[in-house]
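Below is one structure, written out as structure tokens, with a few remarks after it.
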Amino acid sequence: MSPFIRRLKLVPGEPRMRDLEMLQAQMLAETDALKEVDRLRSEGRISDPVQQVLRQQITENQEQIRGLLSQLDFQEPHIVQQQLLHFQRHLLDVKKARLRELLREGLLSADSHHELITQLDKDWAKRFTERTAGN
């Protein structure tokens with residue numbers, strides 16, 4: 001696999017990046033679990049005491065994860081760069097997903113959708129090229 005493709009797909013080679021990825025995923029899962037507990041309570045499917053216990057357990061898990069996240073040191077420029085590229089790519093995917101929704105809902109024409117997606121891709125490629133050229 002070429003270095004460009006590895007960078008594009010952000011193959012994690014750094015063990016701390018894998019740790020970060022796993023902790024962030026755990027935090028997202030805990031956050032969604034907390035939302036689910038609140039939803040179940042609002043639907044009357046669980047009682048207040050059960051909700052309180054579950055919320056406390058999840059909150060404790062989140063605090064533990066926050067502590068582990070704060071122990072990770074990500075000040076090296078290459079790690080910051082890798083993380084920045086990862087989240088820029090994620091935000092690009094979020095934007096594209098929203099444009100697909102607008103197209104599906106009939107709020108955006110196919111031509112406009114195509115033009116906007118093309119522009120997003122060009123902008124991202126330009127930023128990606130500029131950033132990787134600096135390495």
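Here are some notes:
- Scope the stretch 46-63; condition in a helix (DSSP H, G or I), touching a helix residue (DSSP H, G or I) at 6+ places or on another chain (Cβ under 9 Å) and among the aliphatic types (A, V, I, L, M); matching residues: V50, L54, I58
- The residue that is nearest to A25 (Cα to Cα), counting only those in the stretch 81-131 that are of a type in the set (S, T, N, Q) and within 21 Å of the chain's Cα centre (by Cα), is Q83.
- Of the residues making up the stretch 103-134, those that are touching a His at 6+ places or on another chain (Cβ under 9 Å) and at pLDDT below 95 number 0.
Yes/no per residue for (1) modelled with pLDDT of 95 or more; (2) surrounded by 15 or more Cβ atoms within 10 Å (Cβ to Cβ):
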position: V37; (1), (2): yes, yes
position: L72; (1), (2): no, no
position: I79; (1), (2): no, yes
position: Q82; (1), (2): no, yes
position: Q88; (1), (2): no, no
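- Matching residues in the stretch 53-77 - criterion: being without any contact (Cβ under 8 Å) to a residue 12 or more places away in the chain and within 19 Å of L34 (Cα to Cα): V53, Q56, Q57, E60, E63, Q64, G67
- Restricting the first member to the stretch 110-127 and to residues that are in the same structural domain as L85 (by TED's automatic domain parsing) and more than 15 Å from L91 (Cβ to Cβ), and the second to residues that are aliphatic (A, V, I, L, M) and part of a helix (DSSP H, G or I), the beta-carbon pairs closer than 6 Å and six or more apart or on different chains are H113/L99; H113/L103.
Table: residues versus (1) in a helix (DSSP H, G or I); (2) within 24 Å of E14 (Cα to Cα).
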residue	(1), (2)
I79	yes, yes
Q82	yes, yes
L92	yes, yes
R98	yes, no
G106	no, no
L120	yes, no
K126	yes, no
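The values are calculated or read from the model by the stated rules, or taken from the named source; none is laboratory data. The structure displayed is predicted, hence computed values, not measured ones. Positions of Cβ are generated from backbone atoms using ideal geometry, with glycine treated the same way; all protein chains shown enter the neighbour counts.
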